[in-house]
1. Since Val92 meets every condition but one in (1) touching a Leu at 6+ places or on another chain (Cβ under 9 Å); (2) more than 19 Å from Ile154 (Cβ to Cβ); (3) assigned to a strand (DSSP E or B), which condition does it not meet?
2. Would a scan of segment 142-153 turn up a residue that is surrounded by fewer than 20 Cβ atoms within 10 Å (Cβ to Cβ), in contact with a Phe, Trp or Tyr (Cβ under 6 Å, 6 or more places away or on another chain) and not small (Gly, Ala, Ser)?
3. Quick one: in segment 211-237, which of the residues that are modelled with pLDDT under 95 and in a loop (DSSP other than H, G, I, E, B) is surrounded by the most Cβ atoms within 10 Å (Cβ to Cβ)?
4. Restricting to segment 46-79, what's the tally of residues that are within 18 Å of the chain's Cα centre (by Cα) and outside any loop (DSSP other than H, G, I, E, B)?
5. Here are some conditions: (1) without any contact (Cβ under 8 Å) to a residue 60 or more places away in the chain; (2) in contact with a Pro (Cβ under 8 Å, 6 or more places away or on another chain). Lys258 meets all but one. Which one does it not meet?
6. Just to be sure before I move on: is Arg138 within 9 Å of the ligand (Cβ to nearest atom), more than 22 Å from Asp223 (Cα to Cα) and not in a loop (DSSP other than H, G, I, E, B) in the structure I sent?
7. Need pairs with beta-carbon distance below 8 Å; first residue farther than 14 Å from Thr93 by Cα and within segment 106-122, second in a strand (DSSP E or B) and near the ligand (Cβ under 9 Å from one of its atoms); sequence gap 6+ or separate chains.
8. If you take the residues in segment 42-89 that are touching a residue at least 24 places away in the same chain (Cβ under 8 Å) and of a type in the set (S, T, N, Q), which one is nearest to Asn238 (Cα to Cα)?
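The values are calculated or read from the model by the stated rules, or taken from the named source; none is laboratory data. Being a predicted model, the structure only gives us computed values, none of them experimental. Here the Cβ is made from the backbone with ideal geometry for all residues, glycine too, and neighbour counts use every protein chain on show.
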Amino acid sequence: MALLLRKIALVFVFIYSVSISLISVFGRPATFVEDFRVTWSENHIRQIEGGRAIQLVLDRYAGCGFASKRKYLFGRVSMKIKLVPGDSAGTVTAFYMNSDTDTVRDELDFEFLGNRTGQPYTVQTNVFAHGKGDREQRVNLWFDPAADFHTYSIFWNHHHIVFYVDDVPIRVYKNSGRVPYPTSQPMGVYSTLWEADDWATRGGLEKIDWSKAPFYAYYKDFDIEGCTVPGPGNCATNPSNWWETINYQALSAIEARKYRWVRLNHMIYDYCTDRSRYPVAPPECTAGI
Ligand SMILES: *[C@@H]1O[C@H](CO)[C@@H](O)[C@H](O)[C@H]1NC(C)=O
């Protein structure tokens, strides 16, 4: 009997260690604390579902934020997020990568701008390369992002940067060789929930309604696959990383069709066509996809 129990225990230890090694290969941490740390107001971030998901809280006193423990050079970061429901006007939930290098910083941003109940959420994206941003695009979401979890991903390789909402590319920034492009600075992964009612909703006209506070956003299924820095020195230039392989060097035909659909039907602002800011469209705007 004792022997049998020991055998069963050994089998479990074996299964457990196999699953641990799979987790590290595929970059999906089992829990939030494996890959992330709280950067702003510890008491406004709650771990739920045994640490596999978190709840972010915004109230009159504070918002909150978290960041990855490591930095990454190329790869894909994705999370499932459920945004603040109902009257979320004036709230901003952000999910971004940032090199934290002051004047030469690289940054890839998703910002979810809340709205009055029943009005569409806006996703603003921005790309900073070598310290210069001012590349805002805005898309109104075609579903209610507070009703369910949806996957938001930032994909980054030597060929392009793609922002995805589920499997729909909403933005492509192509490394055409003629544009500033992040290629050497590793970036950390960040998220925050905060109040920005001076600009977020209808340009600041709609104010936050504190009687609806606290506001909650939820995150789960954290997934970072990329080259960690510090880490193996040749990782970032290794052409056999899956994110560098042939199928990921440009959008597929299906993705290109979805991308055109978003731009035609849901894009509400594009700096590329804002002639008051850019009398001549910047070079990345004519690089194609
Ligand atoms: C909020 O809703 C208004 C009215 O539908 C819309 O014009 C706007 O783009 C939406 N998003 C934000 C962030 O204001």
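1. (2)
2. No: zero hits.
3. Gly231
4. Here the count works out to 18.
5. (1)
6. Numbers: within 9 Å of the ligand (Cβ to nearest atom): yes; more than 22 Å from Asp223 (Cα to Cα): yes; not in a loop (DSSP other than H, G, I, E, B): yes.
Spelling it out, Arg138 is indeed within 9 Å of the ligand (Cβ to nearest atom), more than 22 Å from Asp223 (Cα to Cα) and not in a loop (DSSP other than H, G, I, E, B).
7. That search, which allows pairs on different chains as well, returns Pro120/Asn140.
8. The extreme case among them is Ser78.
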